1. Could you run through segment 89-147 and say how many residues are surrounded by fewer than 18 Cβ atoms within 10 Å (Cβ to Cβ) and under 30 Å from Ala275 (Cα atoms)?
2. Does Val278 meet the test of being modelled with pLDDT under 80 and surrounded by 24 or more Cβ atoms within 10 Å (Cβ to Cβ)?
3. Tally up the residues in segment 110-150 that are within 9 Å of the chain's Cα centre (by Cα) and either assigned to a strand (DSSP E or B) or farther than 14 Å from Lys86 by Cα (or both), please.
4. Condition first: polar (S, T, N, Q) and buried (at least 18 other Cβ atoms within 10 Å of the Cβ). Now tell me which residues in segment 185-238 satisfy that.
Amino acid sequence: MALFERYLTVWVLLCIVAGTLLGHLFPTAFSRLGAMEVAKVNLPVAVLIWLMIIPMLLKVDFGAMRQVGQHWRGIGVTLFINWAVKPFSMALLGWFFLRHVFADWLPADQIDSYMAGLILLAAAPCTAMVFVWSNLCRGDANFTLSQVALNNAIMIFAFAPIVALLLGLSSISVPWATLALSVALYILVPVAIAVMARHRLLSRGGSERLQSTLDRLGPISLTALLATLVLLFGFQGRQIIEQPLIIAILAVPILIQVYFNSGLAYLLNRRLGVAHSVAGPSALIGASNFFELAVATAVSLFGLHSGAALATVVGVLIEVPVMLSVVHIVNRTRTWYELNRPGFSGGSNL
């Protein structure tokens with residue numbers, strides 16, 4: 001892995017500390033940044049999110065969806081987990097832990113907001129980091145690419161309705177105008193820009209120019225991610241210092257959700273006779289989250305100071321170490337997976 005992916009948790013922790021300290025030292029500056037809004041969308045955060053998302057989307061070849069038929073079983077399992085299981089299982093886990101098990105330890109006026117953050121986190125399948133996880137478990141690159149492209153296409157149409165449905169079931173008022181604006185800002189527009197930019201780069205210099213552009217944009221994307229975290233924790237640092245128990249509570253449903261969904265995807269793929277090189281990335285795609293979109297939407301819908309924004313940031317904090325543990329499990333169980341796998345005959349079984 002590159003330095004960023006390998007030490008992401010370290011960078012995130014440093015940003016939490018830096019954001020908290022800066023928020024205490026320069027409260028006026030952070031208040032002014034928080035006030036820079038249009039239609040409840042914070043402009044500094046919106047710019048930073050674009051700088052994160054667009055370089056990641058440049059990696060996605062939406063033409064790879066032509067390869068879906070080659071991996072239809074693995075694709076089907078991942079789509080089932082991503083869109084029919086993960087958002088709803090997170091809503092159920094959030095309801096169980098936040099509204100019941102840990103309700104007495106949480107501020108009552110923030111429980112709805114925490115719930116919303118968890119739902120936003122689960123409703124967006126991971127895009128960029130999936131390529132890292134797939135590589136670590138020796139996954140099929142064509143499957144990973146086609147799955148990511150298909151998920152991004154579905155996300156354009158499915159993200160807002162699923163979020164609205166689950167927020168409604170959680171008795172949270174759905175700000176439709178802001179939600180629609182968030183989908184346009186953080187999915188439609190970045191996807192359109194990325195598709196046009198990718199086509200232009202490939203037509204003028206081929207894959208080498210595309211790769212060199214991605215290499216140059218990589219540090220920008222990293223810097224934008226870290227700057228976003230500094231901003232968020234600059235606003236929420238006091239709450240974290242005063243109530244660290246909230247972070248631990250929010251981590252509980254996120255952790256359970258990751259292991260449940262990755263395990264379910266892995267076992268379903270084995271049951272269907274899918275090769276391990278597809279089942280591995282399928283399990284990882286099924287469990288991980290597009291936290292950049294979740295953070296942006298949480299800020300747009302509920303504000304930088306909200307519990308929703310905090311919940312999505314907790315997702316960022318634990319994403320890397322948890323997903324690395326899933327990679328380890330997938331790699332260690334490869335022999336068991338292939339042993340007596342239904343439909344296994346030595347080929348790809350795709």
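1. 4
2. no
3. 4
4. Ser221, Thr228, Gln236
The values are calculated or read from the model by the stated rules, or taken from the named source; none is laboratory data. Not measured: the values here are computed from a predicted model. Every residue, glycine as well, gets a Cβ built from its backbone with ideal geometry; the counts of neighbours run over all protein chains shown.
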